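The values are calculated or read from the model by the stated rules, or taken from the named source; none is laboratory data. Not measured: the values here are computed from a predicted model. All Cβ positions, glycine included, derive from the backbone under ideal geometry; neighbour counts span all protein chains shown. These area figures cover heavy atoms from the full protein model, side chains too; ligands, DNA and RNA do not enter into them. Shrake-Rupley method; radii C 1.70, N 1.55, O 1.52, S 1.80 Å.
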Amino acid sequence: MKPTKNPCHSSDATAITRRRFLQGTAGLGAMTLLPMQVWASGNTLRIRTYTEPDNFDPVDASGFGEEMLYGCIYRKLIQYVPGEQWGYDLDLAEKIEQRTPTEIAFTLKKRQMWSDGYGEITSEDIKFSFERILDPAMKSSLTQDLGSLTHVEITGTHSGVLHLDRPFSPIWGIALPYLAGTIVCKKAVEAVGGRITTAIPPTVSGPYRVRELRTGDRWILERNPEYSGPQADFERVDIVHIDDALTAEIGLEAGNLEFTRVSPGSVLRLRRQKPAGTMLTEHPSLYYAWLGMNLDSPKLSDIRVRQAIQYAIDVPSTLTAAYSGSVESSTGIIAPGLVGHRNNTLIPPEGDLEIARLLLDQAGVSTLNLRLDVLNTSVWTSAAQVIQATAGAIGINIEIHAHESGSFWSLGKESDGDRWKNLELVLNRFSMAPDPYYATSWFTTEQVGIWNWERFSNKEFDQLHQDALAETDNTKRHEMYVRMQNLMEESGAYRFLTHESTANLYVSNVVPATRPDGLPLIQLFRKA
């Protein structure tokens, strides 16, 4: 979710064409051409993931691949509610409340059990799970998700208090219902040396348990007979690792999957005609894409030049070329449905070439040569070509430089040398968790030369970022984040493009459960 976890690159991007795939797999391709009915295969649910869960212990989790797995085999105090609105429901907690701005009191449900003889889940497990993430010796990447949490006080076998040293609003949207909130068994983890290092954990608490890991292929889960809640609908769940979205779509049509995310290029085709026995749903995603400008580039030092570029970019036309018209223009970096989402941009999405020309005239610029750096994928090169054409109409000549992933992600980092000095324009894409601070974190002054490639530095922005973390009034918090995005756009360094979308294809006799951004909550899937 954060930029250190592949913010812009997604292995979900289509790497091969449908024709090439069918040529290479004639047997499977022939099957997909038949007017077949697609149904779930009995009591097995097979769901595709494009990032394989590769950490056995939640303390080492790095992204949604792990969340898919841990959501099935472990539990949390609270968990996300499936549907269109972000919210949470009680899981292990019978009661949980913000007692003071820095204290969250909880009471656990009784008789919630660990498997394999490890007994009842108690407040000792809650304390252990959170504090091991806070322990510097564990070197957990989830530490920042816990924000200002300092420790957990045990007040009884089934009760306790989370103590913060200052208010931290994101704890409800990120820490507790997501990866950092995963509860593990203190007794079991200590018995194996303090870290789970095997695919089959010593004990689980969720509706499923691990049967087998086939590395590079799939995790195989089965019902946990010792689960304290209602029995899971499916006897078996396979979390299948498939990098390429088109390959997964064909696999579902062939009866090898029940649920998969599909590529943006397939959405229009699937809207027109879905395989028999399937359903398509579309959701706003938490990704955000934009064109950024290096404020330290001499060519871009005049704000009027930057504003001219902003006005020269026709966002809807750019998205039509890049995403086949399957996504909407964005208003900033904070996605729809979240606190801080703006209703409008300051510059219209379609831009205005006349205003762009006027701004260049005022800056005394008749022609300008710039480079635009992008990832070497069809989405980004297509977007770059449209931007190149529209900028050319006002005398800005853009040279496109496409990079493979490894090269691209070092472009703006000072730690990787002086390449950042060559940055002028860049197309970028980050992902986030369902709280606005995850979006604004990467554009503070302290991130200049790390993930803030525009080298945007604004004291008001930095202060608002800190103040919003501690603000518990969502109305006030919303206004803060709207102002922060206004400051970004007013700087001339950003042209916001899209939040993309999450489109899912699944068989009709499965009832999926997804977060508002379309990502699956596997443990809540049901049979139709």
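Is one or more of the residues making up the stretch 32-43 surrounded by 21 or more Cβ atoms within 10 Å (Cβ to Cβ), more than 19 Å from the chain's Cα centre (by Cα) and either among the hydroxyl-bearing types (Ser, Thr, Tyr) or at pLDDT 90 or above (or both)? No, there is no match, as no residue in the stretch 32-43 is surrounded by 21 or more Cβ atoms within 10 Å (Cβ to Cβ), more than 19 Å from the chain's Cα centre (by Cα) and either among the hydroxyl-bearing types (Ser, Thr, Tyr) or at pLDDT 90 or above (or both). The set of residues in the stretch 321-374 being among the polar types (S, T, N, Q) and either assigned to a loop (DSSP other than H, G, I, E, B) or crowded, with 16+ Cβ neighbours inside 10 Å (or both) consists of Ser324, Ser326, Ser329, Ser330, Thr331, Asn343, Asn344, Thr345, Ser366, Thr367.
For the stretch 399-435, filtering for residues that are under 24 Å from the mean Cα position of the chain (by Cα), buried (at least 18 other Cβ atoms within 10 Å of the Cβ) and part of a helix (DSSP H, G or I) leaves 1.
The residue of the stretch 265-293 that is modelled with the lowest pLDDT, among those that are under 15 Å from the mean Cα position of the chain (by Cα) and of a type in the set (Gly, Ala, Ser), is Ser285.
Of the strands (runs of 3 or more DSSP E) entirely within the stretch 44-125, those holding at least 2 residues that are in contact (Cβ under 8 Å) with a residue 60 or more places away in the chain and more than 21 Å from Tyr227 (Cα to Cα) occupy 44-49, 93-100, 103-108.
Please specify each residue of the stretch 444-454 satisfying the condition of being free of Cβ contacts under 8 Å to residues at least 60 places away in the same chain and either at negative phi or surrounded by 21 or more Cβ atoms within 10 Å (Cβ to Cβ) (or both). Across the stretch 444-454, the qualifying residues are Thr444, Thr445, Glu446, Gln447, Val448, Ile450, Asn452. Report yes if Leu487 is outside any helix (DSSP H, G or I) and either surrounded by fewer than 22 Cβ atoms within 10 Å (Cβ to Cβ) or in contact with a helix residue (DSSP H, G or I) (Cβ under 7 Å, 6 or more places away or on another chain) (or both), otherwise no. Against the criterion (outside any helix (DSSP H, G or I) and either surrounded by fewer than 22 Cβ atoms within 10 Å (Cβ to Cβ) or in contact with a helix residue (DSSP H, G or I) (Cβ under 7 Å, 6 or more places away or on another chain) (or both)), Leu487 does not qualify.
Residue by residue, here is whether (1) closer than 24 Å to Arg304 by Cα; (2) of a type in the set (A, V, I, L, M, F, W, C) holds:
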| position | (1), (2) |
| --- | --- |
| Ala433 | no, yes |
| Pro436 | no, no |
| Ser457 | yes, no |
| Ala468 | no, yes |
| Gln485 | yes, no |
| Glu490 | yes, no |
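Test Gly193 against the stated conditions and say whether it is without any contact (Cβ under 8 Å) to a residue 40 or more places away in the chain, open to solvent by 30 Å² or more (accessible area, probe 1.4 Å) and on the phi > 0 side of the Ramachandran plot. So Gly193 fits the description; yes.
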